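Worksheet for the structure shown next.
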There are 2 protein chains.
Amino acid sequence: MSTLPDINTHFAEWYQEIIVKTGIIDSSPTRGCFVIRPYGYAMWELIQRHVDDKIKVLGVENAYFPLLIPKSFLSKEEKHIEGFSPELAVVTHGGGKELEEPLVVRPTSETIIYYMFSRWITSYRDLPLKINQWANVVRWEMRTRPFVRSLEFLWQEGHTAHRTHEEAVEMALAALEMYRSTYEDFLAVPVVTGMKTDSERFAGADRTYTVEGLMHDGKGLQMCTSHVLAHSFPASFDVQYQDADGARKVPYCTSWGFTTRSVGAIIMTHGDQQGLIIPPKVAPIQVIMIPIYKTDEERVLVMDRIKQIYSTLNGAGVRAKIDDREGMTPGAKYFEWEEKGVPVRLELGPKDLQNNSVVLANRVEQEKTKKKSFVAVDQVVEQVQNLLQIIHATLYDRAKARMQAQWHQADKIADFGPIMDAKHGWYQTGWCGAAECEAVVKQYKGTIRCLLEEKKHNSCFACDADSKVDVLVAKAY
Amino acid sequence: MSTLPDINTHFAEWYQEIIVKTGIIDSSPTRGCFVIRPYGYAMWELIQRHVDDKIKVLGVENAYFPLLIPKSFLSKEEKHIEGFSPELAVVTHGGGKELEEPLVVRPTSETIIYYMFSRWITSYRDLPLKINQWANVVRWEMRTRPFVRSLEFLWQEGHTAHRTHEEAVEMALAALEMYRSTYEDFLAVPVVTGMKTDSERFAGADRTYTVEGLMHDGKGLQMCTSHVLAHSFPASFDVQYQDADGARKVPYCTSWGFTTRSVGAIIMTHGDQQGLIIPPKVAPIQVIMIPIYKTDEERVLVMDRIKQIYSTLNGAGVRAKIDDREGMTPGAKYFEWEEKGVPVRLELGPKDLQNNSVVLANRVEQEKTKKKSFVAVDQVVEQVQNLLQIIHATLYDRAKARMQAQWHQADKIADFGPIMDAKHGWYQTGWCGAAECEAVVKQYKGTIRCLLEEKKHNSCFACDADSKVDVLVAKAY
């Protein structure tokens, strides 16, 4: 019945159509920028709340730094400017006059934050300093895709300074673990975590840790990253402190960010031919309630009961909504809410009133016998909460199984290079660590997504040398 | 003991010094922009949460629109561009190239939102459409002051479209009432609400409602505004719908915004010679807990008890913090936290342990006999909550009494024009409604802050005509 493009053969078209049709996002008159509509923004708000709570548990405090940064700041760290200069939006005029020094719209805030750190950090007693900011950033991307890559996006950026390198690594790993858990435990999206290669690192970082996911079409997506910055980076902003021994030292810094890309990742992981499937913990509407009636008399009774159940669900912290639109058949409503990916549907008609029960339908199950269940009214809260948990687990398990089925072992580039484009997925292989060998993968439009801890391959996929580490190769967004 | 500038004679200096010293805000390397530090940002987060909840109760949904707007959009509504063009920051280069059409950094989002409304609104069934956005905006101000006026600030902007003018007015008034209640009931800041004169209206509005406050120095501050837009504004973006009768019509729109200026308003209303006083509902730390001990043995016992009490307070939803810094006297801690404006201080020493009690100190009371009270440990939660309520009420009453004491009645400009600069405050007077008469006030560096409902004056302050309405005149920020 779905009029959507085939999700297996035309995934890009499926994605573009479903996100607009369901009111998640819209294009805008500003090239490469999108409007996040309420149904999409509500997911981002739930994600923000979750991540913000976790950030505070890590002892990090929120602050806010200027959007516009003097252009010269970006140039202070050589690799940073090299990485970001092709992506900058530049304000040259303000208040009707040309500015003496142009301002860039922040592509990320390390530079201005380190400038401030240089004021705030004077003694070892000021460390660790752990700051986070929720903000918009702009990067001048040429090819854009809603949520995945856009000129402007929303994110949090954590920035911390520590006395020792070990402490900084620990912080970057704690952020990585927070992100992994957010994806897996909150968004039901299985991921792989690991370190990036030198060539894929953040501009200015010594180490970049990444969270990588595999989308419905088997292409990789970098979900978020966490960095230990080069020691020279804070130094170039004169961030220094006097240590307990009296010596002047430069702290070790980290930065880590989580963006609105996560909303795209949810959709590209869980959707099916019928439309979106929103994982329960982040679903703006967890239960859509459909009253069924023919006569006015039935309507009064059904609406009365369904409002009672709504109050009960709402009181138990379940995000429910009654679809009481007139002049629309229940079937048309089912179709619309399935497409919008609401995890649970509750139906209530005259028969259910008699039986003192309701029907619950599970968005994930396609088999009719498993899809629907009859539940006594006094069991609704318990059964709905139970069903939401089941749906979370089902979504995670399903995505995990898909990832595992597409996790290929390969010894040599000849084995996977030529087929990567037709047969997406992870290709685990051995690597000697040389940049020239990494470049071979790029010839096939793949990238090393991350280094793995597991070691299964003894020789490098590209040369005859021994492998130092297993890597995950994929075609990626 | 305070080293701060005299709050009564040097209020501007007092403000500048206290907000930096207590870690509320800092200057930045970007002209006219400020860094909101954690202690200040935590207040904004509490305000945001409060306002966001209220906005949702009004049936308004959050969304996000692009930061950068094609420059031509601003020009579509004549008065809007007239009002905003001197204040625009303009992006002329992106990705290393000059742009064909410059983009402006949003000073407000009506233009891009109406463009989107023209896509989303086609039928009367799409109305009302009620959208809110939490965002940063940039206005190229020449003279800046932390929180009060800066190039960039944070706000929420609500934008709604309705079938009738009455409905739009109702919405604008509902937003106004939400703002009034936020100031008075949440931030303990007494305000006056009313309509702006034609010359003080938002650029593009038909009506602007305002919330006005009187700061410690008797100068007025516009706290936030709510507008009914000119009917021509949505029309210039082709926002149209087909009504039930088949006719094509233009909806009536509102916009309303609440900004980080509110943080400044709190500080400028409640502070005293000792420093900040943060109203309890928005205080990041409501109770600062100071352990008092001399020996190590006492330290263990006192810390043990104070942590128990902390857990109890925390569990009851009270935002408490233990100041367990070593090598600092309790007196030095008292001084620091008084300056930071924490409403309640809890002291616990060996004697209190024996008596099974604690000492609570009230930040607002200066009289020693009223300032401190002994409270049994098992009464702490109740007494703290009670004290927080009392402090909220005291702050509100005190500010209200100050406002009333400075609320002067005046008949003619000669009575108040020449003295306004020396004797700040509200001057209530009669006005005929003519712009030429309003201009007379500006010669004395005052403005009509708003129209009042109450009518006490029969003739215009500037001419001999009858007064149409009482107005509130003040020197303002």
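The values are calculated or read from the model by the stated rules, or taken from the named source; none is laboratory data. Since the structure is predicted, the reported quantities are computational estimates derived from the model, not experimental observations. Don't worry about glycine lacking a Cβ; one is built from the backbone with ideal geometry, like all the others, and counts go over all protein chains shown. Just the protein is used for accessible areas: all its heavy atoms, side chains included, with ligands, DNA and RNA removed. Shrake-Rupley method; radii C 1.70, N 1.55, O 1.52, S 1.80 Å.
Taking amide hydrogens as modeled 1.01 Å from N in the peptide plane, which residues meet the under 5 Å criterion relative to B:C224, leaving out close sequence neighbours? Answer set, sorted by chain and number: B:V211.
Between this copy and the others, label points of B:T369 are 8.5 nm apart in ascending order, each placed 7 angstrom from Cα in the Cβ direction. Given their separation in residues at 0.36 nm each and the Cα-Cα distance between them, B:K400 and B:K368 gain 9.1 nm when the chain is fully extended. The convex hull of the Cα atoms of segment A:287-387, projected and averaged over all directions, covers 6.0 nm².
Accessible surface of B:V169, taken over heavy atoms with a 1.4 Å probe and every protein chain present, rounds to 20 Å².
Here the contact order of chain A, divided by its residue count and restricted to Cα pairs under 8 Å and six or more residues apart, works out to 13 percent. Across segment B:11-270, C-alpha contacts under 8 Å between residues 6 or more apart give a mean separation that, scaled by the residue count, equals a relative contact order of 20 percent. Segment A:360-400 and segment A:1-75 have their alpha-carbon centroids 28 Å apart.
Taking the C-alpha atoms only, the angle from helix A:38-57 to the longest principal axis of chain A is near 50 degrees. Please work out the FRET efficiency for the pair B:V300 and B:E17, using the Cβ-Cβ distance as r and a Förster radius of 45 Å; give the result to the nearest 0.05. In this case the efficiency is close to 0.70. Couplings 3J(HN,Hα) of segment B:321-337, computed from phi: 8, 8, 8, 9, 4, 8, x, 9, 6, x, x, 5, 5, 3, 4, 5, 6 Hz, in residue order, whole Hz [Karplus 6.51 cos²θ - 1.76 cosθ + 1.60, θ = phi - 60°; x for Gly and Pro].
Measuring r between the beta carbons of B:A316 and B:E166 and using R0 = 35 Å, the FRET efficiency lands at 0.20. Note on A:E326 and A:W120: with the Förster distance fixed at 41 Å, the Cβ-Cβ geometry gives a FRET efficiency of about 0.10. Remark: spin-label model distance B:K468-A:Y334 equals 6.2 nm, labels positioned 7 Å along the Cα→Cβ axis. Annotation: amide H-H contacts under 5 Å for B:E61 (H modelled 1.01 Å from N, sequence separation of 5 or more, or interchain): B:K130, B:I131, B:N132. Here B:K76 is the anchor, and the lysines within straight C-alpha reach of less than 25 Å, apart from those fewer than 8 places off in the same chain, are A:K97, B:K130, B:K196, B:K249. Sorted shortest first, the separations between the B:E298 label point and its copies elsewhere in the assembly read 7.9 nm; each point sits 7 Å from Cα along the Cα-to-Cβ line. For A:A205, the residues 5 or more places off, or on other chains, whose built amide H falls under 5 Å of its own are A:A230. Based on the Kirkwood approach, the hydrodynamic radius assigned to segment B:11-270 is 19.3 Å, with every pair of different Cα atoms included. What the phi angles of segment A:216-226 give under the Karplus curve with 6.51, -1.76 and 1.60, with θ = phi - 60°, is a coupling list of 3, 8, x, 8, x, 9, 6, 8, 4, 9, 9 Hz, glycine and proline written as x.
Estimated from helical segments only, the mean residue ellipticity of the protein assembly as shown at 222 nm is -10500 deg cm²/dmol, where each DSSP H run of four or more residues counts as -39500 (n - 2.57). Taking max minus min of the alpha-carbon positions on each principal axis, the protein assembly as shown gives extents of 92, 82, 65 Å, largest first. Rounded to the nearest whole Hz, the Karplus-based 3J(HN,Hα) values (6.51 cos²θ - 1.76 cosθ + 1.60, θ = phi - 60°) of segment B:374-384 follow the sequence 9, 9, 5, 4, 6, 9, 4, 4, 4, 5, 5, with x at glycine and proline. A probe of 1.4 angstrom, applied to the heavy atoms of all protein chains, finds B:H231 with accessible area near 70 square angstrom.
Per residue, the accessible area of chain B comes to 40 Å², computed with a 1.4 Å probe over protein heavy atoms only. Surface listing: B:S123, B:S109 arranged by accessible area from highest to lowest gives B:S123, B:S109, probe 1.4 Å. Atom-type composition of the exposed protein surface of the protein assembly as shown places 49 percent of the accessible area on carbon and sulfur (1.4 angstrom probe). In chain B, the longest principal axis of the Cα atoms and the axis of helix B:110-120 are about 70 degrees apart.
Solvent-accessible surface (1.4 Å probe) assigned to A:F147 amounts to roughly 10 Å².
Normalising the Debye intensity of chain B to I(0), with uniform scatterers on Cα atoms only, and taking log10 at q = 0.08, 0.13 Å⁻¹ returns -0.57, -1.23. In whole percent, what relative contact order does segment A:287-387 give with Cα contacts below 8 Å and a gap of six or more residues? In percent, rounded to a whole number, it is 29. Beta bridges assigned by DSSP with both partners in the protein assembly as shown are antiparallel in approximately 85 percent of cases. For segment A:1-160, the Kirkwood hydrodynamic radius comes to 18.4 Å, computed from all pairs of different C-alpha atoms. Take A:D52, move 7 Å from Cα toward the beta carbon, and the resulting point lies 0.3 nm from the same point in each other copy, nearest first.
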